[in-house]
Structure formats: structure tokens, C-alpha cells
Amino acid sequence: MRLVLLGAPGSGKGTQAARLKEYLQVPHISTGDLLRAEVAAQSPLGLQAKEVMARGDLVSDDILLGMLRDRFSRDDTRAGFILDGYPRNLAQAAALGELLADLGQSFDAAIQLEVDNELLVERLAGRAQAEGRADDNPESVRKRLQVYDQQTAPVIEYYRQQDQLTVIDGVGSLDEVLNRILGAIQVEKP
Ligand code: B4P
């Protein structure tokens, strides 16, 4: 199974991807996690990305594509993947199509988790308290939502037009949302 998970910040992409991988037995590739690992390691790439992420902007397409190429060069992605956090703009959507085509692959579905803005802000405020992530402060959250509307919403429209989009209601308990996704991709819980 090859899935692309889309949705606004706080829509539950990372949360659901971590659970889905247990059922699908494929790697969870989160571009946010890959970037945070670089930041934690204080690598040159991490040092470049740190400020950009903290203010809620998108890290450069070139950096992201390099990271993704690296990750997809590993054998474990041959059996499938759950891609979380990429693509976030139309240039990244085109780059993903080319990267997968180079590997002789494509994806089975792009799943959008839909949650209204009020609840997104509430969830991210909750995570700010629980985990203290640098980009969950109110100012960065506002910026991330704006970036989502301006740059990522067109990606969703693009996949809709290509008939590759499945929209899932992201409001409800973690299990309810997971069950909706599993139902949409026709995977039964063991
Ligand atoms: P991400 O790590 O992708 O962060 P995110 O959009 O906030 O989503 P995440 O998956 O972590 O959170 P989730 O909704 O699961 O990106 C962070 C930054 O990295 C970006 O702003 C950007 O700077 C950079 N970046 C990443 N990818 C990039 C790319 N392709 N190009 C350029 N830059 C890139 O969860 C949020 C909270 O909601 C959690 O606390 C969770 O517990 C809660 N929650 C989830 N589901 C819930 C539910 N059903 N009910 C109640 N709470 C729920």
C-alpha cells in the first residue's frame, strides 16, 4: 500500500500515520520528523531548517526533495509507504510524481484529513502544552494555517481533479478516524 497523507497542521496526519503503519506494515515517512531529526542533530541542513520551521514557513523544495530521494533509496519503501507531510505545494507534487516514476512506482491514494480551523488551533495549543514543539506557538500556528491555505490547498485540488483524492472526516476519536481511513482503503483490522 502506498499512501500520501494530506491535511492542515493539527489534522492528525502524523498521529494517524503512526497508527496506520502498524496495520499496513509499511514505513511511515514524515518529512516533519525527518527535518526535526536534522535540527536535533544540528546538521548543516538542520541549522538551515530550524528558523524556517519555527516561524511556520515551508523549508525549501530542494532540501525536501534531497531528503526524500535519500529516504526512498532505502529498500524498505519498495513494499509500500505512508508519506506524511509531503507534498505541501504544487512544485512538490510534481517532484513526487517524478521521483516515484523514476522508481517505477506511483501511489494508491492521497488521503486528506479534514478538520475545521477552530479545532486545529485547539489541538495544536494542546500539543504546545504537552510537548512544547517550537512551531506550536500561536504566531507560528497562524502562519502554518496561512501557508496551508495558500500553498497546500492547491495540491488537494490538483489530486481531486486527478481523481486521486479521498477525503476523510478527521474529527472524532483517534480510533474513529483510523477506522474511517482503513474503511476507505479497504483494509480490515486483524
Ligand atoms: P509537520 O511535522 O508535518 O507538522 P504538522 O503539519 O503540524 O502535522 P503533524 O502530523 O505533526 O501533527 P498532527 O496533525 O498529527 O511539519 C512541521 C513543519 O516542518 C512545517 O511547518 C514545515 O516548516 C516543515 N515541513 C514539513 N514537511 C515539509 C515539506 N514537505 N515542505 C516544506 N516544509 C516542510 O497532530 C497535531 C496534534 O493534534 C497532536 O497533538 C495530536 O495528538 C492531536 N490530534 C491528532 N488527531 C486527533 C484527534 N482525532 N483528536 C484529538 N486530537 C488529535
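Could you pull out the residue among VAL187, VAL171, VAL167 that is out of contact with any strand residue (DSSP E or B) (no Cβ under 7 Å at 6 or more places or on another chain) and modelled with pLDDT of 95 or more? Outline the logic, then answer.
Working: VAL187 fails: modelled with pLDDT of 95 or more; VAL167 fails: out of contact with any strand residue (DSSP E or B) (no Cβ under 7 Å at 6 or more places or on another chain).
One residue alone meets the criteria, VAL171.
Restricting attention to the range 6-15, and to residues there that are near the ligand (Cβ under 8 Å from one of its atoms) and not hydroxyl-bearing (Ser, Thr, Tyr), which single residue is surrounded by the fewest Cβ atoms within 10 Å (Cβ to Cβ)?
Of all residues in the range 6-15, those near the ligand (Cβ under 8 Å from one of its atoms) come to 7-15.
With not hydroxyl-bearing (Ser, Thr, Tyr) added as a condition, the list becomes 7-10, 12-14.
Details: GLY7: 24, ALA8: 25, PRO9: 25, GLY10: 26, GLY12: 24, LYS13: 24, GLY14: 17.
Residue satisfying both the conditions and the ranking: GLY14.
Condition first: outside any helix (DSSP H, G or I) and at positive phi. Can you find one or more residues in the range 87-95 that meet it? Can you show your working first?
Step one: list which residues in the range 87-95 are outside any helix (DSSP H, G or I), which gives 87-89.
In the following step, the residues that additionally are at positive phi were identified as none.
Among the residues of the range 87-95, not one is outside any helix (DSSP H, G or I) and at positive phi, which makes the answer no.
Test VAL141 against the criterion of being out of contact with any Phe, Trp or Tyr (no Cβ under 7 Å at 6 or more places or on another chain) and near the ligand (Cβ under 8 Å from one of its atoms), and give yes or no.
no
Do we find a residue being surrounded by fewer than 15 Cβ atoms within 10 Å (Cβ to Cβ), farther than 21 Å from GLN161 by Cβ and away from the ligand (no atom under 13 Å from the Cβ) anywhere in the range 85-101?
Taking every residue of the range 85-101 in turn, none turns out to be surrounded by fewer than 15 Cβ atoms within 10 Å (Cβ to Cβ), farther than 21 Å from GLN161 by Cβ and away from the ligand (no atom under 13 Å from the Cβ).
Answer yes if at least one residue in the range 48-66 is in contact (Cβ under 8 Å) with a residue 24 or more places away in the chain, surrounded by 14 or more Cβ atoms within 10 Å (Cβ to Cβ) and closer than 20 Å to ARG2 by Cα, and no otherwise.
Yes; the residues of the range 48-66 include at least one that is in contact (Cβ under 8 Å) with a residue 24 or more places away in the chain, surrounded by 14 or more Cβ atoms within 10 Å (Cβ to Cβ) and closer than 20 Å to ARG2 by Cα.
I need the full set of residues from the range 16-66 which are touching a strand residue (DSSP E or B) at 6+ places or on another chain (Cβ under 9 Å), within 7 Å of the ligand (Cβ to nearest atom) and not in a helix (DSSP H, G or I), in order please.
Residue satisfying the conditions is SER30 alone.
Could you run through the range 94-148 and say how many residues are of a type in the set (S, T, N, Q) and closer than 25 Å to ARG71 by Cα?
Residues that pass the stated criteria total 3.
I'd like to check which helices (runs of 4 or more DSSP H) are fully inside the range 122-190 and have at least 1 residues that are under 22 Å from LEU35 (Cβ atoms), of a type in the set (Val, Ile, Thr) and out of contact with any Lys or Arg (no Cβ under 8 Å at 6 or more places or on another chain).
Because the criterion is at least 1 residues that are under 22 Å from LEU35 (Cβ atoms), of a type in the set (Val, Ile, Thr) and out of contact with any Lys or Arg (no Cβ under 8 Å at 6 or more places or on another chain), the helices (runs of 4 or more DSSP H) in the range 122-190 that meet it are 138-147, 153-161.
I want to confirm something. Restricting to the range 134-157 and keeping residues that are touching a helix residue (DSSP H, G or I) at 6+ places or on another chain (Cβ under 6 Å) and surrounded by fewer than 19 Cβ atoms within 10 Å (Cβ to Cβ), which single residue is farthest from PRO87 (Cα to Cα)?
Applying the filter and picking the extreme gives ALA134.
The values are calculated or read from the model by the stated rules, or taken from the named source; none is laboratory data. Please read these numbers as outputs of a predicted model, since none were measured by experiment. Cβ: placed from backbone, ideal geometry, glycine included. Neighbour counts: every protein chain shown.
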